[in-house]
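Report on the structure given below.
The values are calculated or read from the model by the stated rules, or taken from the named source; none is laboratory data. All figures in this text were calculated on a predicted structure; none of them were measured in a lab. Cβ sites come from the backbone with ideal geometry, for glycine too, and all protein chains shown count toward neighbours. Keep in mind that these areas ignore ligands, DNA and RNA; they rest on the heavy atoms of the full protein, side chains included. Shrake-Rupley method; radii C 1.70, N 1.55, O 1.52, S 1.80 Å.
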Amino acid sequence: MALALSNPRKAKAGTQAYAEVSRRIVDAAIELMAERGADQFRFETLADHVGCSRATIYRYFDSKQELMTEVMMTLMHEITDEVIEKTAGTRKVTRARFAEALHGIITDLQHNRRYAIVMDVRNVETFARLSHERFSAITSTMLKTFMTDSPSGRVLKEGIRIPEAVHWLIHQIVSYGFFGLQGATDKEQRDYLNKMVAAVILE
C-alpha cells in the first residue's frame with residue numbers, strides 16, 4: 001500500500017502516524033540493505049520499495065546517515081531483545097543460559113544478512129557512537145528488570161552497574177561477531193562465552 005503523504009515539508013515527529021511511517025521506512029531499508037548491501041542502498045530504490053516518492057523519504061530522514069542511525073538502533077534493539085528473551089523469565093538467569101543466548105546472537109551476526117549492516121566495518125564508528133550516546137541508557141532499563149529486579153533475585157555481580165554491563169556486553173557481542181569464537185564445536189564456544197563474558201558480569 002502506497003504512503004498517502006505528499007507534503008514536502010518535514011513530517012511532524014511525536015505522533016503515532018509518524019512512528020508508523022518511520023518504522024515502515026526503516027524496516028524497508030533494513031530489508032534492502034540485507035538483500036543488496038549497504039553500499040548499493042539508494043533512497044530512490046527505498047521509495048519504490050515502500051511505495052512513496054523520494055521526497056516523502058526526506059520528510060522523515062534528512063540523509064542516508066540519519067536513516068542509518070535508526071537502522072542501527074533498530075538492529076541493536078533486536079540483538080538485546082533476543083538475548084533477554086532467551087534468558088529472562090521467572091527462573092534465575094544462569095551463566096550457562098546467558099552464554100547460550102549470546103552464542104545464538106553471535107552466530108546470527110556472522111551468518112544472517114540482516115545483521116551484516118552492524119558487521120560492516122564502515123559502520124563501526126556509528127555503532128560505537130550510538131552505544132555510548134543512546135543505546136546504553138535504553139538497554140540499561142531493559143536489562144535492569146531481568147538482572148537486578150527479577151522475581152528470582154539479582155544475578156548481576158555486585159559492584160557492576162547496569163550501564164557498565166551493557167557497554168561490556170554489546171561490545172563483546174560485536175567483537176566476537178567480527179572475529180569469531182574460540183572453540184571447534186558449539187559446546188566449546190558456549191563454554192568459552194560462559195568463562196570470558198557471562199562470568200565477568202553475572203554471579
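Among the residues that make up segment 128-136, is at least one of them of a type in the set (Gly, Ala, Ser) and modelled with pLDDT of 75 or more?
The initial filter retains those residues of segment 128-136 that are of a type in the set (Gly, Ala, Ser), namely 128, 131, 136.
Now narrow it down to the ones that are modelled with pLDDT of 75 or more: none.
No: zero hits.
Checked against (1) of a type outside the set (Phe, Trp, Tyr); (2) at pLDDT below 90; (3) within 24 Å of Leu156 (Cα to Cα), Met119 meets all criteria but (3). Among the residues of segment 55-65, some residue qualifies, meaning at least one is open to solvent by less than 70 Å² (accessible area, probe 1.4 Å) and not in a helix (DSSP H, G or I).
Look at segment 35-64: where a residue is on the phi > 0 side of the Ramachandran plot and in contact (Cβ under 8 Å) with a residue 60 or more places away in the chain and a partner is open to solvent by less than 60 Å² (accessible area, probe 1.4 Å) and not in a loop (DSSP other than H, G, I, E, B), sitting 6+ places away or on another chain with Cβ atoms under 8 Å, you get Gly37/Ala116.
Summed over segment 154-185, residues that are open to solvent by 30 Å² or more (accessible area, probe 1.4 Å) and of a type in the set (Val, Ile, Thr) total 2.
Return yes when Gln110 is at pLDDT 75 or above, farther than 20 Å from Met73 by Cβ and in contact with a Gly (Cβ under 7 Å, 6 or more places away or on another chain) and no when it is not.
Details: at pLDDT 75 or above: yes; farther than 20 Å from Met73 by Cβ: yes; in contact with a Gly (Cβ under 7 Å, 6 or more places away or on another chain): yes.
Yes: the conditions hold for Gln110.
Note on segment 103-120: among residues that are β-branched (Val, Ile, Thr) and either in contact (Cβ under 8 Å) with a residue 12 or more places away in the chain or not in a helix (DSSP H, G or I) (or both), the one that is farthest from Asp81 (Cα to Cα) is Ile117.
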